[in-house]
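Participant: Have a look at this one before I ask anything.
The values are calculated or read from the model by the stated rules, or taken from the named source; none is laboratory data. Because the structure is a prediction, the values reported are computed rather than measured. A quick note on method: Cβ atoms are made from the backbone with ideal geometry, for glycine too, and the neighbour counts reach across all protein chains shown.
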Amino acid sequence: MLHHISNRVDRFVNWFTWPVAIASLVLLVPSLLGCVDLIVACARTPETILAFIGGAGLYLLVWLWTIRRWRATFLSTCEHEFTHALFAILTLHRVTDFKATWKSGGHVRIEGQGNWLITIAPYFFPTVCFVLIPVFRLLTVVPTNVADAIVGGAFVYHITSTMRETHGGQTDIQQVGYLFSVMFLPTAVLASHGVVLAFAWGGFEGIHIFGSTISLHLQRMVSFVGLSC
């Protein structure tokens with residue numbers, strides 16, 4: 001039964017492949033401007049994200065000093081494959097096999113055909129951050145500053161690991177296609193990472209403000225294009 005449902009979900013998601021790509025192109029400039037506005041807001045009230053910046057800066061130093069010289073890391077492979085598995089579960093697939101190794105990569109096997117969202121998810125979705133944020137909100141015994149610092153470190157961890165993984169030779173990117181990847185990923189990265197930064201800055205209200213800012217820039221862009229025409 002679940003197999004038949006997941007196949008229907010796959011058909012639905014795959015049907016929206018190019019509409020999503022086009023929508024991503026339309027939202028690219030508004031998302032970029034929304035991120036710029038968010039960074040400006042953070043700069044105006046730096047006390048709200050000091051712990052986040054501290055954790056991010058500390059991880060960046062460690063990465064520059066040692067991690068970037070490693071040929072491979074188990075943690076980045078594990079997160080990569082876990083993200084595949086997470087989006088497979090979210091699109092109602094059963095994960096049948098999960099493997100992550102230190103030097104030989106990893107894989108996830110699922111029941112059903114699969115869809116482009118499962119394939120490309122690790123390249124835009126900061127999984128560790130999105131897992132840690134609700135966990136720390138539930139575990140109130142963890143001091144807020146400590147939690148924010150850890151999320152900041154996870155934020156830079158995702159950026160550095162994704163930089164290493166994103167290249168033309170990646171089979172995932174080849175599978176979804178270079179054109180779709182170029183159209184979709186920039187906006188998806190800006191939006192997902194912007195959500196994490198917005199939460200560090202202002203919690204759930206910060207996410208709401210970030211989304212509203214993108215919407216406002218989109219409206220202005222549409223109005224400008226309409227007036228120009």
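Participant: Of (1) closer than 18 Å to Tyr59 by Cβ; (2) more than 19 Å from the chain's Cα centre (by Cα); (3) surrounded by 13 or more Cβ atoms within 10 Å (Cβ to Cβ), Val146 satisfies all except one. Which?
Facilitator: The one condition Val146 does not meet is (3).
Participant: Restricting attention to the range 71-119, and to residues there that are aromatic (Phe, Trp, Tyr) and modelled with pLDDT of 80 or more, which single residue is nearest to Ala154 (Cα to Cα)? Step through it out loud before you land on a result.
Facilitator: Step one: list which residues in the range 71-119 are aromatic (Phe, Trp, Tyr), which gives 74, 82, 87, 98, 102, 116.
Filter once more, so that each one left must be modelled with pLDDT of 80 or more: 82, 87, 116.
On the way: Phe82: 15, Phe87: 19, Trp116: 25 Å.
Ranking the candidates gives Phe82 first.
Participant: Going by what's in this entry, would Val196 be described as closer than 28 Å to Val108 by Cβ and either in a helix (DSSP H, G or I) or of a type in the set (Asp, Glu) (or both)? Please lay out each step first, then the result.
Facilitator: On the way: closer than 28 Å to Val108 by Cβ: yes; either in a helix (DSSP H, G or I) or of a type in the set (Asp, Glu) (or both): yes.
Yes.
Participant: Okay, next question. Please specify each residue of the range 185-229 satisfying the condition of being over 14 Å from Ile133 (Cα atoms) and of a type in the set (Phe, Trp, Tyr).
Facilitator: Phe210, Phe224
Conditions (1) within 19 Å of Val9 (Cα to Cα); (2) touching a Phe, Trp or Tyr at 6+ places or on another chain (Cβ under 7 Å), marked per residue:
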residue	(1), (2)
Ala88	yes, no
Thr91	yes, no
Arg94	yes, no
Val108	yes, yes
Gly112	yes, no
Pro122	no, no
Pro126	no, yes
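Participant: I'd like to know if the range 202-211 contains one or more residues that are modelled with pLDDT of 90 or more, part of a helix (DSSP H, G or I) and either of a type in the set (S, T, N, Q) or buried (at least 20 other Cβ atoms within 10 Å of the Cβ) (or both).
Facilitator: Yes, the range 202-211 contains a residue that is modelled with pLDDT of 90 or more, part of a helix (DSSP H, G or I) and either of a type in the set (S, T, N, Q) or buried (at least 20 other Cβ atoms within 10 Å of the Cβ) (or both).
Participant: Does Asp172 fit the bill of being charged (D, E, K, R), part of a helix (DSSP H, G or I) and under 19 Å from Ile118 (Cα atoms)? Please lay out each step first, then the result.
Facilitator: Numbers: charged (D, E, K, R): yes; part of a helix (DSSP H, G or I): yes; under 19 Å from Ile118 (Cα atoms): yes.
Answer is yes for this residue.
Participant: Going by the structure shown, is Val141 β-branched (Val, Ile, Thr) and exposed (fewer than 13 other Cβ atoms within 10 Å of the Cβ)?
Facilitator: Numbers: β-branched (Val, Ile, Thr): yes; exposed (fewer than 13 other Cβ atoms within 10 Å of the Cβ): yes.
The answer is yes for Val141.
Participant: Separate question: Can you tell me which of (1) modelled with pLDDT of 85 or more; (2) under 13 Å from Pro126 (Cβ atoms); (3) among the polar types (S, T, N, Q) is the one Gln174 doesn't meet?
Facilitator: Tallying (1) modelled with pLDDT of 85 or more; (2) under 13 Å from Pro126 (Cβ atoms); (3) among the polar types (S, T, N, Q), Gln174 fails exactly one: (2).
Participant: In addition: Farther than 18 Å from Leu28 by Cα, touching a Pro at 6+ places or on another chain (Cβ under 9 Å), of a type in the set (A, V, I, L, M) and touching a residue at least 12 places away in the same chain (Cβ under 8 Å): is that true of Ile159 in this structure? Walk me through how you get there before you give the answer.
Facilitator: Numbers: farther than 18 Å from Leu28 by Cα: yes; touching a Pro at 6+ places or on another chain (Cβ under 9 Å): yes; of a type in the set (A, V, I, L, M): yes; touching a residue at least 12 places away in the same chain (Cβ under 8 Å): yes.
Against the criterion (farther than 18 Å from Leu28 by Cα, touching a Pro at 6+ places or on another chain (Cβ under 9 Å), of a type in the set (A, V, I, L, M) and touching a residue at least 12 places away in the same chain (Cβ under 8 Å)), Ile159 qualifies.
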